[in-house]
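Trainee: One structure, as structure tokens, below. Some questions next.
The values are calculated or read from the model by the stated rules, or taken from the named source; none is laboratory data. Remember, predicted model here, so these are calculated numbers, not experimental data. Because the Cβ atoms are built from the backbone with ideal geometry, glycine has one as well, and the counts that use them run over all protein chains shown. Ligands, DNA and RNA are stripped out before the accessible areas are found, and what is left, the full protein with its side chains, is counted by its heavy atoms. Shrake-Rupley method; radii C 1.70, N 1.55, O 1.52, S 1.80 Å.
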Amino acid sequence: SPYQEIEVIETESHGRVLLLDGVVQVTERDEFVYQEMIAHVPLLLHGDARRVLIVGAGDGGVLRRVLQHQTVHKAVMVEIDAAVIRLSRAHLPGIGGAAWDDPRATVIVADGIATVADAPAASFDVIIVDSTDPEGVGEVLFTEAFYRNCARVLGSAGVLVNQAGVPFMQADELAQSSARRARAFAHVTAYAVAVPTYVGGLMAIGVACNTPLHLPGVDEITRRAERAGLTGCRYWSPPVQEAAFALPPYMAAALYPPANP
């Protein structure tokens, strides 16, 4: 495409696999792990998310999981590369499923940076940034300017999440992106998810919000999930969500680096 090299390959172990510029993005076998955790956790942290903006995620898996929440009234997905959407719909139909045709969904081929910059203040409850790593086409989604626009669009009660790499291999990515989010938002944290495909162990999902974040316990997460009508998950569960915020020390050190003496 004009933005990147896109490949869909067949594998014996993981089914069909989507690669961008030679880097694995999603596989049919374990896509549910990442997609469930980057979608369900922020919506249930918010507790009453009705308007959701997804930046990236052209395979449709995040859109599908967001729309599992019956309480969501509008889900807008902005993907810069139309070819990713076209190839995913053609060759990875099970990942997006019926989400592409859900009346609550709006799929826009556009620059996510410009979309967020132009959106009215407090127009979304949750923003999910499912991007590549901060290089190439995804680099602009890790800037302080982008995060400041996200903070404005979310208003006082909104929640932002974005993939923040595998800290065992990419500690600087989590540290640097968290520092930028902290200059735009009042509260920054992260949670962990074990995606079998990604080398290096636990992946980090960064979280940011404009007010101090209250982490609900299992009972409250369960109530919120039942209200949303959320069922059929294979990785996410209320105990898994609660436990995901208990970071190993090496991840916490990357998220909260010690101050210089």
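Trainee: Quick check on packing: order 120-126, 6-12 by the mean number of other C-beta atoms within 10 Å, highest mean leading.
Mentor: The most tightly packed comes first, giving 120-126, 6-12.
Trainee: Mind ordering 232-245, 32-45, 72-85 by average Cβ neighbours within 10 Å, highest first?
Mentor: Final packing ranking: 32-45, 72-85, 232-245.
Trainee: Follow-up. Out of VAL78, ALA49, VAL107, whose Cα points farthest toward the positive end of the dipole of the stretch 1-132 (charges: +1 Lys, Arg; -1 Asp, Glu; placed on Cβ)?
Mentor: Positive-most Cα among the choices belongs to ALA49.
Trainee: Kindly report the accessible area of the chain per residue (heavy atoms of protein chains, probe 1.4 Å, no ligands, DNA or RNA), in Å².
Mentor: That works out to 43 Å² for each residue.
Trainee: If packing is taken as the average count of other Cβ atoms within 10 Å, what order do 143-156, 96-109 fall into, highest mean first?
Mentor: 143-156, 96-109
Trainee: Treating only the Cβ atoms of Lys and Arg (+1) and Asp and Glu (-1) as charged, compute the dipole magnitude of the chain about its Cα centre; round to the nearest 20 debye.
Mentor: 900
Trainee: What's the magnitude of the charge dipole for the stretch 108-261 around its Cα centre, counting Lys and Arg as +1 and Asp and Glu as -1 at the beta-carbon? Answer in Debye, nearest 20.
Mentor: 340
Trainee: Suppose every Lys and Arg Cβ carries +1 and every Asp and Glu Cβ carries -1, with no other charges. What dipole size does the stretch 205-261 come out with about its Cα centre, to the nearest 20 debye?
Mentor: Using only the charged Cβ atoms, the result is roughly 140 debye.
Trainee: Here's another thing I want to ask about it. Which percent of the accessible heavy-atom area of the chain goes to carbon and sulfur, probe 1.4 angstrom?
Mentor: C and S atoms contribute 54 percent here.
Trainee: Can you pull the semi-axes for the stretch 56-174, root of five times each eigenvalue of the Cα gyration tensor, sorted largest first, whole Å?
Mentor: 22, 19, 14
Trainee: Which of the DSSP-defined H helices in the chain satisfy a minimum axial length of 18 Å, computed from C-alpha atoms, and a minimum mean Kyte-Doolittle hydropathy of -0.5?
Mentor: 31-46
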